[in-house]
Amino acid sequence: MHASDHRPAALIEGGAVFPHRHLTGIAGLQPHEITFLLDESEQWIEANRSRAKSDHRLDGLTQINAFFENSTRTLLSFEIAGKRLGADVVNMHAAQSSVKKGETLIDTAMTLNAMRADVIVIRHMSSGAVRLIADKVDCPVLNAGDGSHEHPTQALLDALTIRRRRGAVAHQRVVICGDLLHSRVARSNILALTALAAEVRVCAPSTLMPAAIEKMGVTAFTDFDAALEGCDVVMMLRLQNERMNGGFVPSTREFHLRYGLTMERLAKARPDALVMHPGPMNRGVEIDSAVADHVERSAITEQVEMGVAVRMACLDVLTRRARGVEGWA
Amino acid sequence: MSTRALALRNARLVCPQGGISEGGLLVVDGAIAATGAFEAPADAETIDCKGLTLAPAIVDVGVFAIDVPAFHAGGIVRVGLMPDQSPVLDDPGVVQRAALIGRPGLWIHPIAAATRGLAGEELGEMAINRDAGAKAVGTGSRWIADSGVMRKVLAYARDLDLAVVTHAEDGGLARGAVATSGETATRLGLPSAPSLAEPLAIARDLLLAEETGARLHLRDVTTAAGFDLVRAAKSRGVAVTCGITPAHLLLSDIAMSDFRTFMHLSPPLRAESDRQAALAALADGTIDILHSAHDPRGPEEKRLPFADSRAGMAGAETLLPLALGLARDGDIPLDRLFALLARNPAALLNITAGTLEPGMPADLLLFDPDAPWLIDGDRFRAKAGNTPFDGLPVQGRIRRLFKGGAELT
């Protein structure tokens, strides 16, 4: 790493601090670029808590949320983020799109491009789909989740939550537990948290553990109790319904027995350990209600709040070049 | 058929049987009449090869498409056509049509479906399809899950002395996978199967081949454990041969890193350690056949997210230069390289071709082994330019190509 990577963002000329056209993943971002996005998010947290939440910096810009896979929370979060910045937000759902009529992804991307979108937010069920579109359109593209690959804004909001609640991300011992094999949240979080010098552990049954995961700089566990030892943050992943019954784990109750986060199990972590979950939760499966709703320990609703702030920051930063912001044009 | 004799003079002959020598080659009535120094008939046409290399034209076993311009551009005059066609090559009418459609310039040797519809359940009509022109039977790009069916396929093919060409990937492990399990697939979040899927399939088929005495050809072996099994079986005298593509010798799974669908192959690209094992297997003679797996796929099947794209590569036009690169790197001597490109595939199909010996059909390839060029899929003569080697500088240009003594242009 070069010494210049540690210069405070404010001292670096405009766009040089974040020289990326798109946000397709955490992979490829330098630690200082991740920190810059987190810093940029802070201002929106307070703004969102005030009564007048609107800003006008994206006035006149068109934001298209192209969601090829169903989503409620992420779509809503991106829609609110765009609207609070003044953008004209349009949502395209796969269910009502021409994708079902056999149109290829590239043709859909070209169509959105021809409509002169200023920023496109994409969720797709296939890994790599967002990058494929990003290569074909003229405007910035934000990855809202592609297959089992990445979900960068989720990792940013998680890092922001940890930073605010624990003071820093560096040197925090974080355990990520659940369906790692199919989780884009896990991959983006591993990349972001290790980049920010956290100690990351992952925990899953071997049937849901990706091969060579330790090459991503994490320590792998199959025993959740052992993995929880001394953890500052416990991040649970959602177990998809279709993977619960016999496919990858024998049953939901067996998964709960081995990996469900109960109050008793949480006691194995540090006494002030933070509990996180990207949602939506399967209460009673990967997480008990007593843990999820614990006022001091659970940061789950705060994660949702940080999500809007992080997405506002990403939309703002990625459109700066097009808006001709000084130092970015 | 009586045509004017052809005397190719001043060449560097590369023969899998006779080795490398300077000299000429005489073609009479479409067949090789003599090599070295010879007296040509008075009316013979003479070609001065100017020191270029003259070798048997390539016999490419296991291609997925009939793509005559691509094969000719790649120095290929005979192909073993995979049964995975539409319709499947499991009926004499379809087999016969395939066997004749490329002539005279390209001789297509159909690999008939070992099971009806390639479904892996009922035996295909192997003798009838053989009489219609099939030179082998195969499982296509699929795996026969039922060991009872596979045993019957091998035993029945043994009666007819037809080689059984198999795709060695355990279907249970490989189902839905588009990559080899490992760091790259994990980082990209791609559905993957452990490389064990290959040796697992190979081990069963080797045991069945040994027991039935059938000739087994593993179209692609790409893993260290797979080569170990084949090596051990060969030393026991099992009638097994195996092949590989240049892609699996030259690329590892890290090449998929930017989701480039041209790297989506079947079997998938493997770990670097497996690639090194493949180079060792090439050097020690475990690998018998080098083939292109030619499968041109246009943007409608390749310009998609990686897991949604079709596996396969347009390999015909890059087979020779990439193979020559292996020889230049010292991985394999040039004359033995042509055993892998011509003699061995011909032997697998029981056809008389693949060497420069007198009596062989004059399927000849004259090339400049040093001529440099840049691989550019957009300029391929193939139906599509889906090459994993786009932009790679290579050496080796075909100057003239002959099928049965007739020049192809």
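The values are calculated or read from the model by the stated rules, or taken from the named source; none is laboratory data. Worth saying up front: this structure is predicted, and the values here are computed from it rather than measured. No Cβ is skipped: glycine too gets one built from the backbone with ideal geometry, and neighbour counts run over all protein chains shown. Surface accessibility is based on the protein's heavy atoms, side chains included, excluding ligands, DNA and RNA. Shrake-Rupley method; radii C 1.70, N 1.55, O 1.52, S 1.80 Å.
Listing for the model above:
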| item | result |
| --- | --- |
| Per residue Cα convex hull volume in Å³ - calculated over segment B:176-269 | 89 |
| Longest exposed-site-free window of chain A, the sites being GluC sites (Glu not before Pro) in a DSSP loop that have at most 16 other C-beta atoms within 10 Å | A:104-228 |
| Percent of alpha-carbon pairs separated by more than 48 Å within the protein assembly as shown | 30 |
| Cα gyration tensor shape for segment A:130-177, rounded if a/c is under 1.5, else prolate or oblate | prolate |
| Positive-end residue, segment A:108-240 charge dipole about Cα centroid, Cβ charges, pick of A:Cys139, A:Met125, A:His151 | A:Cys139 |
| Charge dipole (debye, nearest 20) of the protein assembly as shown; +1 at Cβ of Lys and Arg, -1 at Cβ of Asp and Glu | 800 |
| Prolate/oblate/rounded label for segment A:8-84 (Cα gyration tensor, a/c 1.5) | oblate |
| Cβ charges +1 (Lys, Arg) and -1 (Asp, Glu), total dipole of chain A, debye | 300 |
| Amide H within-cut-off set for B:Gly80, under 5 Å, with H built and near neighbours excluded | B:Asp60, B:Val61, B:Gly62, B:Val63, B:His109 |
| Under 5 Å, built H, 5+ apart or other chain: amide partners of B:Leu52 | B:Arg12 |
| Where GluC sites (Glu not before Pro) in DSSP loops with at most 16 other Cβ within 10 Å are excluded, longest remaining stretch of chain B | B:123-409 |
| About the Cα centre, charge dipole magnitude for segment B:295-376 (Lys/Arg +1, Asp/Glu -1 at Cβ), debye | 220 |
| Qualifying trypsin sites (Lys or Arg not before Pro) in segment B:53-161, DSSP loop, other Cβ atoms within 10 Å at most 14 | none |
| Segment A:126-196, relative contact order in percent, only Cα pairs under 8 angstrom and at least six apart counted | 34 |
| Average Cα contact separation per residue, chain B, under 8 Å, 6 or more apart, as relative contact order % | 19 |
| Ellipticity estimate at 222 nm from DSSP helix runs (n ≥ 4, -39,500 (n - 2.57)) divided over the protein assembly as shown, nearest 500 | -9000 deg cm²/dmol |
| Nearest-10 value in Å² for the accessible area of A:Lys83, using the 1.4 Å probe | 110 |
| Residue among B:Thr212, B:Thr166, B:Thr241 with the largest mean-square fluctuation in a Gaussian network model of chain B, springs linking Cα atoms under 10 Å | B:Thr212 |
| Diffusion coefficient, µm² s⁻¹, Stokes-Einstein with Kirkwood Rh over alpha-carbon pairs of segment A:191-329 at 10 °C and 1.306 mPa s | 94 |
